[in-house]
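This report concerns only the one structure given below.
The values are calculated or read from the model by the stated rules, or taken from the named source; none is laboratory data. All values reported here derive from a predicted model rather than from experimental measurement. So basically every Cβ, Gly included, is an ideal-geometry build from the backbone, and we count neighbours across all protein chains shown. Remember, those area values only see protein heavy atoms, side chains included, never the ligands or the DNA or RNA. Shrake-Rupley method; radii C 1.70, N 1.55, O 1.52, S 1.80 Å.
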Amino acid sequence: MANMAQAIRMALHYGEENLGVREIFGEDVGPPLGGVFTATQGLKTAWNAPLDERGILGAALGLAWAGFRPVAEVQFVDYIFNAVDMLKLIANSTWTSGGLYKTPLVVMTPTGSGIHGSIYHSHSFDSIATKLHGMKVVCPSTPIDAYGLMISAIKDDNPVLFLKPKALLRTRGAELIPGEPADEKELKAMIDAPIGDRSKWKPKWPKVGDYSVPIGKAKISHAGTDVTVVTHGRMAPIALEAAKELESEGSIEVIDMRSLIPYDWDAIKASIKKTGRVLFLNEETEITNFGEHLIRRTVDEMFYDLKVRPRLLCGKATPGIGLATVLENFTQPQKPDVLRMLREILSDPA
Amino acid sequence: MPNAATAADPFKGLEKALLLRIHGLMVRARALEERFIKMSKSGDGYFWIGGPGEEAFNVAVGLQVKKGQGPQFDYLNLHYRSSAIALSMGVTPIEMLRQMRNVATDRFSKGRNFVNHYAIPEINIVPMSPTIETQYATAIGTGIANARTPGDAITLVNGGDGGTAEGDFHSCLVWANRPVLKLPILMIVVNNGYAISAKMREEHGEKKISDWAKVFDMPAKTIDGNDPVESWLAVKEAMAYCRKERKPYLLEAACSRLYGHSSSSGANRIPESDCIALFETKLIDAKLATKEQLEKTWHDTLAEIDAAHQQVKAEPFPKPESIWEDVFSDGLPDSYPRSGGSL
Ligand SMILES: Cc1ncc(C[n+]2csc(CCOP(=O)(O)OP(=O)(O)O)c2C)c(N)n1
């Protein structure tokens, strides 16, 4: 049973073998390290790039125009800011060329907080990413979704920004990836590089299969009737736990968006129609937060379906996330905050 | 080394037919750019930016490209002064006039982008952006595609002197010279002495821009880009090196900027050396053409541009709803927000 980093690695391997992926690159992405979170270990087309985010994204765009379906990594999303201009170009070049050039590329990058990463390893990027129109944006919360979304991202002729929640890269899910061994030790022995000298090591890949999660489709990870929680990434498992803990108090529906652009408005709308109560939950900072857009749309299109005011729970609008545990926990939504907010929404008189 | 015969020859052995072809393309590019400028000043288009003054050098580039689609052919990562390159590769004036007038038939951008911003998959001209220097970053990618593909195709990238201060120029140098995979990229810098108004000599301490190549021990040259013959030979040599060695080359060409930077500096004629006038004098002196012959070239070219311009004037502007085309190549989901805020 794979963790999310292994799931991404297996999807990339599937892409190399079956989907024409020929260039996987980024800082420390090639041997010996295989990525700071090991997501590219053992991949035959993975290589190390110079420490140059603009060059990495520019290379990916040029390769995509040449039809190479590259997968490029920015080591942490915190380091993508000096290359936002290149991302914008990635996002707009199909449109500016009147559709003449497709842009089949994936940029993957670890996002968000939860690893005591302090100021430069805790950023989220959702609001900026979702404003670079023309680029799809996905963010899984389980290994199986990471696998299926990566395969969809590789197949897509549009640029896809694949956000990997840092805090979830080592977590495991409940569902097996088609073809992977159920025993996590067995999988580890097959595809994780050994400690020490790796120069002669080669992975033994399981025969993983074609499994895609369609981009633009959310998942109802917990069905319910009283309150809708719309979330993604690192907050998705927290919402799920909260929904389970509150089972005796109310029936919570958790929508794991999985795709931020395009987002599954139909799923969100159907759920809010049913519950009339909604919490948008994410870990990016307040003030032009992506959840704020969703609230505006909810109010515009569903005003008369709402029983109580829609809520947003998200990161506090500070310049960074402080290292001390108390600072990070105070800045970012934690499970007790989610529980408190859900109880409040449940008890709000309609 | 030129031999005794070619040393005395101002055209260094280039054939008459080629010289006249180069002249014809230079005139075509100039006449078209001057038409764009008129259009921008008469409300028949908006912002103008283009390449008058760079014709000698750019025709030499365009005619020597290995032209085609896909990584077996040369990729061009161009900037906005490249009309003479594109015309030399067979792009027609009417296609460019359509972009200047931002009509629906503008095949490069459907009326969305400024003039001289092409995207032509059939000849590997990748989408051009008004952002200066980002083309040196995308050139890394097309350069890798060329490097991975057997054959002799290369990547070309061009830009101005001012833009070389941007990181993307240095990214290209670094990536093209990685010991594990050198890239066959011809990096071109056209040095016209200015950014928009800022002077190269005041902002840049480098003696020559081509000196950046020294750090990497890569070949480089600075040439007179107003001379079509010197340009031809220098481009030929640089391309041959990239094609054969599969490594980068840095070529700096000093060119005039005959109408200032763009509309943003007024787009008025500036008294700098004019590569076409210089070339015409040489052609006449060498008796390779008569004054009347060259005048006829101008006349015929202008007539062609006039006719194309008239045709374009009759063509419709894009439909407003066309903004939704190509946001994604597979179309937009029905639920994609399209109202521009509250309904
Ligand atoms: C990234 C970026 N910064 C600034 C500009 C505005 N701008 C457009 S052209 C230009 C000057 C470029 O000078 P140079 O590189 O010498 O090229 P030239 O126009 O002289 O050919 C500037 C500053 C831009 N388009 N893109």
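Observations on the model:
- Mean sequence separation of contacting Cα pairs (under 8 Å, at least six apart), scaled by the length of segment A:4-191, corresponds to a relative contact order of 23 percent.
- Over chain A: helical MRE at 222 nm, DSSP H runs n ≥ 4 each giving -39500 (n - 2.57), nearest 500: -10500 deg cm²/dmol
- Threshold 20 Å² - residues in segment A:36-72 whose accessible area is reduced by that much or more when the chain is no longer isolated, probe 1.4 Å: A:47, A:50, A:52, A:54, A:55, A:58, A:59, A:62, A:63, A:65, A:66, A:68
- Among the listed pairs B:38/B:110; A:136/A:164; A:44/A:204; A:164/A:219; A:155/A:217; B:110/B:319, a Cα-Cα separation exceeding 19 Å is found for B:38/B:110.
- Projecting the Cα atoms of A:275, A:255, A:74 onto the charge dipole of chain A, computed from C-beta unit charges around the Cα centre, puts A:74 farthest toward the positive end.
- Summing charges over neighbours of residue A:119, with a neighbour being any other residue whose Cβ is under 11 Å away from its Cβ, gives -2 when K and R count +1 and D and E count -1.
- Extension gain (nm, one decimal) between residue A:318 and residue A:249, 0.36 nm per residue minus Cα-Cα: 21.5 nm
- D_trans [Stokes-Einstein, Kirkwood Rh over alpha-carbon pairs] for chain A, 25 °C, 0.890 mPa s, µm² s⁻¹: 119 µm²/s
- All lysines inside 24 Å of residue B:291 as judged from Cα atoms, apart from same-chain residues fewer than 8 positions distant: B:12, B:16, B:282
- Shielding by partners for peptide B:331-337, expressed as the average number of C-beta atoms from other protein chains within 10 Å of each residue's C-beta, is 5.
- Surface composition of segment A:219-347: carbon and sulfur atoms hold 58% of the protein heavy-atom accessible area at a 1.4 Å probe.
- Span from the segment A:31-71 Cα centroid across to the segment B:112-154 one, whole angstrom: 19 Å
- Separation of alpha-carbon centers, segment A:131-177 and segment B:257-309, rounded to whole Å: 55 Å
- Listed by chain and number, the aspartates and glutamates whose C-alpha is less than 18 Å from the C-alpha of residue B:207, apart from same-chain residues fewer than 8 away, are B:161, B:166, B:217, B:224, B:252.
- Mean shadow area of the protein assembly as shown over all directions, Cα convex hull, nm²: 33.7 nm²
- Whole-percent pair-distance distribution, where bins are 10 Å wide, for the alpha carbons of segment A:4-191: 10, 40, 38, 11, 1, 0
- Once C-alpha pairs closer than 8 Å and six or more residues apart are averaged by separation and normalised to the residue number of chain A, the relative contact order reads 16 percent.
- Separation of alpha-carbon centers, segment A:72-117 and segment A:285-350, rounded to whole Å: 26 Å
- Placing pseudo-labels 7 Å out from each Cα toward the beta carbon at residue A:266 and residue B:321 gives an inter-label distance of 2.0 nm.
- To the nearest ten degrees, helix A:335-347 and the longest principal axis of the Cα atoms of chain A are 40 degrees apart.
- Accessible area buried, both sides summed, chains B and A with 1.4 Å probe, Å²: 3500 Å²
- Prolate/oblate/rounded call for chain B, Cα gyration tensor, a/c under 1.5 rounded: oblate
- Rounded to the nearest 20 debye, the dipole magnitude of the protein assembly as shown is 620 debye, with +1 charges on Lys and Arg beta carbons, -1 on Asp and Glu beta carbons, and the Cα centre as origin.
- A 1.4 Å probe run over segment B:21-322, with the rest of the protein chains in place, finds 37 Å² accessible per residue.
- Net charge in the neighbourhood of residue B:18 (other residues with Cβ under 12 Å of its Cβ; Lys, Arg +1, Asp, Glu -1) is +3.
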